[in-house]
Amino acid sequence: MKLSNIGVALGIAAATMGLAAHAGDDRKASKDHRQAASGMQAVAVSPKAGEPGHGWQYFSDSRKARAVVISPNGDYYYSRGDSLQLVYKPAPTA
């Protein structure tokens with residue numbers, strides 16, 4: 001085997017191992033760290049029982065102009081900076 005072929009083979013092996021090690025770093029990160037990096041923050045609201053918005057949960061990411069709203073029934077609404085759109089509605093329970 002030529003010396004240049006050995007060099008190429010060793011270079012490819014080193015690059016492959018480097019990529020695999022780099023890819024493994026994301027898997028080792030804690031879930032809390034990844035959630036904190038998402039930018040979604042809970043919006044504090046406190047309507048009283050019977051007022052509009054009671055029981056609803058609000059989350060927003062002002063850096064990326066997006067928001068999530070969860071209804072008391074579990075319906076999920078998502079906005080990319082425009083109007084809220086229903087993205088998930090749980091199946092009715094019997």
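Where a number appears in this text, it was derived from the coordinates with a stated rule and is not lab data. What you see is a predicted model, and the numbers here were worked out from it, not measured in a lab. Virtual Cβ from ideal backbone geometry, glycine too; neighbours counted across all protein chains shown.
Protection proxy ranking for 40-51, 59-70, using the average of other Cβ atoms within 10 Å per residue and placing the highest first: 59-70, 40-51. Please list, in chain and number order, the residues 5+ apart from R66 or on another chain whose amide H is under 5 Å from its amide H, with Hs placed from the backbone. For R66, whose amide H was placed from the backbone, the distant partners under 5 Å are D61.
Couplings for the stretch 55-66, taken from phi via the Karplus curve 6.51 cos²θ - 1.76 cosθ + 1.60 with θ = phi - 60°, read x, 8, 10, 10, 9, 9, 10, 5, 5, 10, 6, 9 Hz in order; Gly and Pro are left as x. Annotation for Y78 and K48: the two label points, set 7 Å from Cα along the Cα-Cβ direction, are 3.7 nm apart.
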